[in-house]
Structure formats: C-alpha cells, structure tokens
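Structure record follows, encoded as structure tokens.
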Amino acid sequence: DAGITQSPRHKVTETGTPVTLRCHQTENHRYMYWYRQDPGHGLRLIHYSYGVKDTDKGEVSDGYSVSRSKTEDFLLTLESATSSQTSVYFCAASTGYEQYFGPGTRLTVT
Amino acid sequence: ILNVEQSPQSLHVQEGDSTNFTCSFPSSNFYALHWYRWETAKSPEALFVMTLNGDEKKKGQISATLNTKEGYSYLYIKGSQPEDSATYLCALYTGGGNKLTFGTGTQLKVEL
C-alpha cells in the first residue's frame, strides 16, 4: 500500500458538467501525476506537479486543469466533461525514480 | 513526444512455458527504465528500475535485461503461472520533471 487514495472510485456524469477527481497521498511525495488509461494507449500523462502550486502539462492536457494547494492533495478538474473523456484515471506520486499508483477512478461521461 | 514501444501487444501461453517481451526506446538522453506489472482492476506495481547498460534484475521467476546503447530491454518469465497473467508495462524516465513515458504494454495470459 503506497498510501495513495483516489475519490470518487466511480463516477457517471453528463456531457457539459464539471467534474473534479481527487488524489490524496500520505507519504509526503514531492511529485504527483494524473494519467488516463485507454485501450491501445496505455497510460498517458495529463498533468503533473513538482511541488505545491507548481504544475505543468503532460501529453494530453487539453480539457483538463489541475491544482495542488497542499503536498498531499492533487485535484484534476474537467471543466466541461465530454464523451471523449470517458476513461480510467490514475493518480501517481513519487519522490525518486519510482512512481506509486492509486487505485484508479472510472469516469463515464454520457 | 518519446516513442516507447512494446511487443508483442498480447501473448497467450500455457502454464509452465517461459516467455519474454521487448521494450524499445530512443537510446539518447537515457536515465532509467521501469517495468511495471498491472493486474486487471488493480493499479500498476513496480517490478524493476534499471539504470545502467547491461543491468540485469531478477525477482522470483521474472528477470529483465537492459541495453541502453541499442535502446531495448527484455523481460523474461520462466515457467509462467496463471497468477503471472497481467499487463506488463515499461516506462522511460528521461529526467525532465521526474516524468515517465509509458509503452502500451504487453498483455500476458497464462492458461492452465
């Protein structure tokens, strides 16, 4: 158990509504990440954070924003959800090379 | 965007078979290569972190080798068991922002 939790674990929402996913870690890792997992694409980086209030875009950041106001929490927001954002979202955290993953959030946008 | 490729995409073997998969990556700007094991409905778990050309790592019946000059890593499973069924991901660490670039994975199914 790497001390990383995600909430909610499952969510169904309608197109056009805002959605926020939360990642919480208890190990004081400096870096945190949000990935999405889709068939045929593996894990793709959405946004990452290298410290409180320090964030940067990843490979597939369009339509997503993030915030990190405390070391332990990293929030991912879909401002206006679209069906293409239906996916499984994984949060990860790291201090050195190795990244530790949360259990994932399955998001369905109808 | 870095291109990390894994082959094969999927593999079905019988219990007791040995198997191996490949991860290919650009050999320039190499820092480290990770292998993760990812079971269905769970989160990825780290198997190995490899940093040096010629590195060999082993955990139980699973081992990995690294060739940074030619840009590839092999993962071997000796005597596969049904519990080895999972997706095996490799990921390249290049140092910028402590980020990993993942391959698409090799899905292994071990049948009785």
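For B:Lys58, which lysines qualify as cross-link partners when the Cα separation must be under 22 Å and same-chain residues fewer than eight apart are set aside?
Answer for B:Lys58, where 22 Å is the Cα cut-off: B:Lys69, B:Lys78, B:Lys109, listed by chain and number.
Please give the charge dipole size of chain A, origin at the Cα centre, charges +1 on K and R Cβ atoms and -1 on D and E Cβ atoms. Round to the nearest 20 debye. If you can, show how the numbers build up before the last one.
Working: 11 positive and 12 negative charges, 30 e Å.
That gives a dipole near 140 debye.
Could you pull out which residues in the range A:30-64 have an amide N less than 12 Å from a spot 7 Å beyond the Cα of A:Thr95, following the Cα-Cβ vector?
Only A:30-31 fall inside the zone, counting backbone N under 12 Å.
Summing Lys, Arg as +1 and Asp, Glu as -1, what charge do residues with Cβ under 14 Å from the Cβ of B:Asn67 carry, B:Asn67 excluded? Walk me through the intermediate numbers first.
Working: positive: B:Lys57, B:Lys69; negative: B:Asp55, B:Glu56, B:Glu70.
Every neighbour counted, the sum reads -1.
Collect residues whose amide H, placed 1.01 Å from N in the peptide plane, falls under 5 Å from the amide H of A:Gly58; neighbours closer than 5 in sequence don't count.
Close amide H contacts, sequence-distant or interchain: A:His47, A:Tyr48.
Give the residue from B:Gly54, B:Ser85, B:Leu100 lying farthest towards the positive end of the charge dipole for the protein assembly as shown; charges sit on Cβ (+1 for Lys and Arg, -1 for Asp and Glu) and the dipole is referred to the Cα centre.
After comparing all options, I get B:Leu100.
What distance in nm lies between label points placed 7 Å from Cα along the C-beta direction at B:Lys69 and B:Ser24?
1.9 nm
Using a simple spin-label model with points 7 Å from Cα along the Cα→Cβ vector, what separation in nm is obtained for A:Thr15 and A:Thr110?
1.4 nm
Restricting to DSSP loop positions (anything but H, G, I, E, B) with no more than 16 other Cβ atoms inside 10 Å of their own Cβ, which trypsin sites (Lys or Arg not before Pro) remain in the range B:78-112? Provide the component values of the computation, followed by the final result.
Numbers: sites: B:Lys78, B:Lys99, B:Lys109; in loops: B:Lys78, B:Lys99.
Those satisfying the criteria are B:Lys78.
Skipping prolines and chain starts, which residues have an amide H placed within reach, meaning under 5 Å, of the one on B:Asp55, given they are 5 or more residues away or on another chain?
The list, which skips near neighbours in sequence, is B:Leu66.
Going highest first, how would you order A:88-100, A:58-70 by mean Cβ packing within 10 Å? It would help to have the intermediate numbers written out before the result.
On the way: A:88-100: 21.1, A:58-70: 15.8.
Highest-to-lowest ranking by the protection proxy: A:88-100, A:58-70.
Which ³J(HN,Hα) values in Hz, rounded to whole numbers, follow from the phi angles of the range B:86-91 under the Karplus curve 6.51 cos²θ - 1.76 cosθ + 1.60, where θ = phi - 60° and Gly and Pro get x?
Going residue by residue, I get 4, 9, 10, 10, 10, 8 Hz, with x marking Gly and Pro.
Where the only charges are on Cβ atoms (+1 Lys, Arg; -1 Asp, Glu), what is the dipole of the protein assembly as shown about its Cα centre, to the nearest 20 debye? List each step's numbers first, then the result.
Numbers: 20 positive and 23 negative charges, 74 e Å.
My answer is approximately 360 debye.
Reachable lysines from B:Lys99, Cα under 17 Å, same-chain residues fewer than 8 places away excluded?
Straight-line reach from B:Lys99, under 17 Å: A:Lys57.
Read phi for every residue in the range B:47-60 and hand back ³J(HN,Hα) as whole Hz from Karplus 6.51 cos²θ - 1.76 cosθ + 1.60, θ = phi - 60°, with x for Gly and Pro.
9, 9, 10, 10, 10, 10, 4, x, 3, 10, 10, 9, 9, x
Nearest 0.05, what FRET efficiency do A:Glu79 and B:Lys42 give at R0 = 25 Å with Cβ-Cβ as r? Please list the in-between numbers first.
Details: r = 30 Å, r/R0 = 1.19.
Here the calculated transfer efficiency is 0.25.
So, in Å, what gap is there between the alpha-carbon centers of the range B:1-37 and the range A:1-74?
Taking the Cα centre of each part, the range B:1-37 and the range A:1-74 sit 25 Å apart.
Show me, for the range B:62-69, the HN-Hα J-couplings you get by feeding each phi into the Karplus relation (A = 6.51, B = -1.76, C = 1.60, θ = phi - 60°), rounded to Hz, glycine and proline as x.
10, 9, 9, 10, 9, 10, 7, 6
When all alpha-carbon pairs of the protein assembly as shown are counted, what percent fall beyond 23 Å?
On the way: 11675 of 24531 pairs.
That tail contains 48 percent of the Cα-Cα pairs.
Every number in this text was worked out from the coordinates using simple rules, so none of it is lab data. All values derive from a computational prediction rather than experimental measurement. All Cβ positions, glycine included, derive from the backbone under ideal geometry; neighbour counts span all protein chains shown.
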